[in-house]
1. Can you name the residue in segment 153-173 that is modelled with pLDDT under 95 and touching a Ser or Thr at 6+ places or on another chain (Cβ under 6 Å) and is also farthest from ARG33 (Cα to Cα) among such residues?
2. For ASP129, are the conditions met, namely being over 24 Å from ALA83 (Cα atoms) and of a type in the set (D, E, K, R)?
3. Can you name the residue in segment 29-59 that is basic (Lys, Arg) and more than 13 Å from VAL148 (Cα to Cα) and is also surrounded by the most Cβ atoms within 10 Å (Cβ to Cβ) among such residues?
4. Can you tell me which residue is farthest from the chain's Cα centre (by Cα) among those in segment 170-184 that are more than 14 Å from ILE141 (Cβ to Cβ) and in a loop (DSSP other than H, G, I, E, B)?
5. Out of segment 79-122, which residues are outside any strand (DSSP E or B), closer than 20 Å to HIS8 by Cβ and not hydrophobic (A, V, I, L, M, F, W, C)?
6. Can you give me the number of residues within segment 85-116 that are under 14 Å from the mean Cα position of the chain (by Cα) and either under 21 Å from ASP151 (Cα atoms) or without any contact (Cβ under 8 Å) to a residue 12 or more places away in the chain (or both)?
7. Hey, THR59 hits all of (1) touching a residue at least 40 places away in the same chain (Cβ under 8 Å); (2) part of a helix (DSSP H, G or I) but one; which does it fall short on?
8. Step by step: first the residues of segment 136-169, then only those that are in contact (Cβ under 8 Å) with a residue 40 or more places away in the chain and outside any strand (DSSP E or B), then the one that is surrounded by the most Cβ atoms within 10 Å (Cβ to Cβ). Which residue is that?
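The values are calculated or read from the model by the stated rules, or taken from the named source; none is laboratory data. Model, not experiment: these values are computed from the prediction. FYI the Cβ positions are ideal-geometry reconstructions off the backbone, even for glycines, and counts take in every protein chain you see.
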Amino acid sequence: MRIVAGRHKGLRLTPVGKGDPAAHLRPTTDRIRESLFNILHTRGLPGPETRVLDLFAGTGALGLEALSRGAAHVTFVEKNRPAQRLIEANIAKAGRAEDTRLLKTDATRLPMADHSFDLVFLDPPYGTDLGGKALAAAPWIAEGALIVWEDDRAHPAPEGFIPADERRFGSTWITFLEKPAAPR
């Protein structure tokens, strides 16, 4: 695994190795990440003011790719200890401790935040209903934010979100959702 483009292009991330079988780590492949960020680029994301929330962060590769491509800040959310160690090692490798925060908690039970997020990566364990629960538990998603939901199937937009796009990459589906502005 490596950072595909931007400031840290080519940076090799900490290998998952055999890891912890209970961790169910399934990093987004370089090819899918490259395709995903090409799609995001057409939307002007991530920009220099973009604040990113990486839920079920795993290795942190998606959030670090966003930083490499110009995001201002990434908050990683991961409850699994082996994955937390990978994220910490990858943040250190990239030298991005100042631009990141790691919340060692369950993505479906988030604490309150002092700011909102413009881009949300959502990569729950495949075949679970945790993605929808995490979105319902994340009150700090900004109006107009884009949610990128990776899973083994496409997802309908949950209440409070509208569908924007969906793409299939082999057995991986990426569902794009938007959080609309509140009616005035």
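1. Per the criteria, the residue is HIS155.
2. no
3. Going through the qualifying residues, I end up with ARG51.
4. Once the filter is applied, the top-ranked residue is ARG184.
5. Listed by number, the residues that qualify are ARG85, GLU88, ASN90, LYS93, GLY95, ARG96, GLU98, ASP99.
6. Number satisfying all stated conditions: 2.
7. (2)
8. ALA138
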